[in-house]
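See structure below.
The values are calculated or read from the model by the stated rules, or taken from the named source; none is laboratory data. Fair warning: this is a prediction, and the values are worked out from it, not measured in the lab. Positions of Cβ are generated from backbone atoms using ideal geometry, with glycine treated the same way; all protein chains shown enter the neighbour counts. Quick note on the areas: whole protein, heavy atoms, side chains included, nothing else; ligands and nucleic acids left out. Shrake-Rupley method; radii C 1.70, N 1.55, O 1.52, S 1.80 Å.
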Amino acid sequence: REITREENLDPDVLMWEVRRMAINAGDAADDRVVEFRLDGVPTERRRYWLVFEAGDIDICVQDPGHEVDLWVQGTLKTLVEIWLGHLPLKQAVEAGRLQLDGPKKEIAAFARWYGLSHFAAEGLRLTARGPEARG
């Protein structure tokens, strides 16, 4: 749970993990561009693009100039909580903590490749036990 403390949140680390998860999920083969807009972080670290192309995924911190297929907006903390299994993706979207803007096909793909961290098993265990287990 220490990872979600504000002083431990790092958008660069999250984006590298997201890239790794998407490659492992096999979604790197589908050409797409996803723009992440992170709220609550310094301006220079607020926008990231994942460019899925030719079986690989590039992380860009400047607009790569491609048409965007999916926009993802929320706080860095929300994205990390989803990644750790502390917050289900569907619940984050329904609560307005995460906005996904794009075609249904791309939103469905995001739900596939924005997988859970190897730390998520512990996060899911704590979530199942309730708030008292989270301290």
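Structure values in brief
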quantity: Whole-percent carbon and sulfur share, accessible surface of region 46-100, 1.4 Å; calculated: 46
quantity: Residue-normalised accessible area of region 7-98, given per residue in Å² at a 1.4 Å probe; calculated: 49
quantity: Sites matching GluC sites (Glu not before Pro) across region 1-101 that sit in DSSP coil, with at most 15 neighbouring C-beta atoms within 10 Å; calculated: GLU67
quantity: For ASP39, residues with placed amide H under 5 Å, excluding near neighbours; calculated: GLY74, THR75, LEU76
quantity: Label point at VAL13 placed 7 Å out along Cα→Cβ; residues across region 57-90 whose backbone nitrogen lies under 13 Å; calculated: 77, 80-81, 84
